[in-house]
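Values in this text are rule-based calculations from the coordinates and carry no lab data. The model shown is predicted, which means the values in this text are computed figures rather than measured ones. Cβ sites come from the backbone with ideal geometry, for glycine too, and all protein chains shown count toward neighbours.
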Amino acid sequence: MRIAELYRQTLGLALLLCQHRSAMSEQSCLRSDTRGRFLLAATLLFLASAIAAVAVRSHQIAFGPWLRVHLFVGPDADRVQETKIRSLNIDGRSREFTIGIPHDVTDRVFVVRRVFRMNDALTSHPEWKWQRDGWVMVDRSTGRVSNLSLPDFDPFYSTVTWFRDYAAYCGVSDGQRVYAVVAQLGQRKPVLRTYVGPAKGSDQPDSECAPPTWQKQPIRVTFEPAGGQKSSFLIHGRSSEPELGDEPAEQKEGEKQ
């Protein structure tokens, strides 16, 4: 309801309360009647509260400037890689630090990968090291930031490629097996989870697979594990199937495991 309409309705109510005083005009009734003054004050307070409520519902979401930092990579986080990060600010306050380009899922929701600082000191003096983490989802209308739970996602080895609300990546299970995974936002069970080979265990980040690639009409995604063969899968809503001639030879073995 608009503020002007609320004002007109409450003003009309105030005038109705004063109609029993037939000798008074509308303006003099409002000026002299104590109850009318109280009602007018209450009306102004209500309008101010309504305006404040509208302001709370609209959140200001923005990213800060890019900052160059040292990212510590490797299984033991003992190697330095220079990268750029920036803050995610909601209503003027920093909520997260992020890396990479966000992906717009809808006009209301987007996802972005976060980074965090880990205290690597053995003493009481902090020794902060930047490390990559998983993905977060941001709702522009509510300002809510929530962590995404992506099955088998490994912050060191997994590289996510987004299409619509699908996340495609190579997941690592128990540090030994690599799976081609397609997860859909809002669904606990992955659309696709297929064994593609043993983990190489390299000390290089993002080294188990090349970034998956998406295609449309029909919707398909292609994975290329390190040292393995390409495999493509057709995505049908919440289900998937291997594209003809592209079913991985190790798939049945991985399903048994």
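Listed values, structure above:
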| quantity | calculated |
| --- | --- |
| Estimated inter-spin distance, His236 and Leu148, nm [label 7 Å along Cα→Cβ] | 2.5 |
| Difference of contour (0.36 nm per residue) and Cα-Cα distance, Glu243 to His70 | 58.2 nm |
| From phi via Karplus (6.51, -1.76, 1.60), per-residue ³J(HN,Hα) for the range 158-165 in Hz, x at Gly/Pro | 8, 10, 8, 10, 9, 8, 6, 9 |
| FRET efficiency, 1/(1 + (r/R0)^6) with R0 41 Å, evaluated for Glu127 and Asp165 via beta carbons | 0.60 |
| Packing rank of 117-123, 170-176, 104-110, where each peptide gets the mean count of other beta carbons within 10 Å, highest leading | 170-176, 104-110, 117-123 |
| Across Lys189/Lys216; Lys129/Lys189; Lys189/Lys230, pairs whose alpha-carbon gap is larger than 27 Å | Lys129/Lys189 |
| Coordinate range along principal axes, alpha carbons of the range 160-222, Å, largest first | 35, 22, 17 |
| Contour minus Cα-Cα distance for Ile61 and Lys216 (0.36 nm per residue) | 52.7 nm |
